[in-house]
């Protein structure tokens, strides 16, 4: 099995347990080879509340830009009066860019 198939299987297991609401949305992370994306999703309504990515600012290392994405997402969440969320790592291992994004979001004031 390829790594992508294994990641999809891990993600399916995680999504059985995790769901976002309007009061406590799901922070979903997507990591491509070049960029990282993060969204706060209300699964009940099926809407994305806040989204951020590193497409506009690609300065420094990928880990640094992931942390900036987390900080920006937390700032946008505060503007929309969101303080808590559920973290969905999307089947990725919690290290490197995913961990850096989570730390940035926590520094920005999101609780999960």
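Determine the calculated [θ] at 222 nm for the chain from helices alone, applying -39500 (n - 2.57) to every DSSP H run no shorter than 4 residues and normalising by the residue count; nearest 500 deg cm²/dmol. Could the numbers behind the result be given before it?
On the way: 3 runs with 45 residues, N = 112.
Value at 222 nm, helices only: -13000 deg cm²/dmol.
When the Cα centres of segment 55-93 and segment 16-50 are compared, how far apart do they sit, in Å?
About 11 Å separates the Cα centre of segment 55-93 from the one of segment 16-50.
Mind checking which of 99, 62, 13 has the largest fluctuation in a GNM of the chain, springs on alpha carbons under 10 Å?
Comparing 99, 62, 13 in a Gaussian network model of the chain, the most mobile one is 13.
By its C-alpha gyration tensor, with a ≥ b ≥ c as the square roots of the eigenvalues, how is the chain shaped: rounded for a/c under 1.5, else prolate for a/b larger than b/c, else oblate? Write down the numbers at each step before the final one.
Values: a/c = 1.86, a/b = 1.04, b/c = 1.79.
Oblate shape, in that a/c is at least 1.5 and b/c is the bigger or equal ratio.
Can you tell me, using C-alpha contacts under 8 Å and at least 6 residues apart, the relative contact order of the chain as a whole percent?
Details: 214 pairs, mean separation 33.2, N = 112.
Answer for the chain is 30 percent.
Every number in this text was worked out from the coordinates using simple rules, so none of it is lab data. Nothing here was measured: the structure is a model prediction, and the numbers come from that model.
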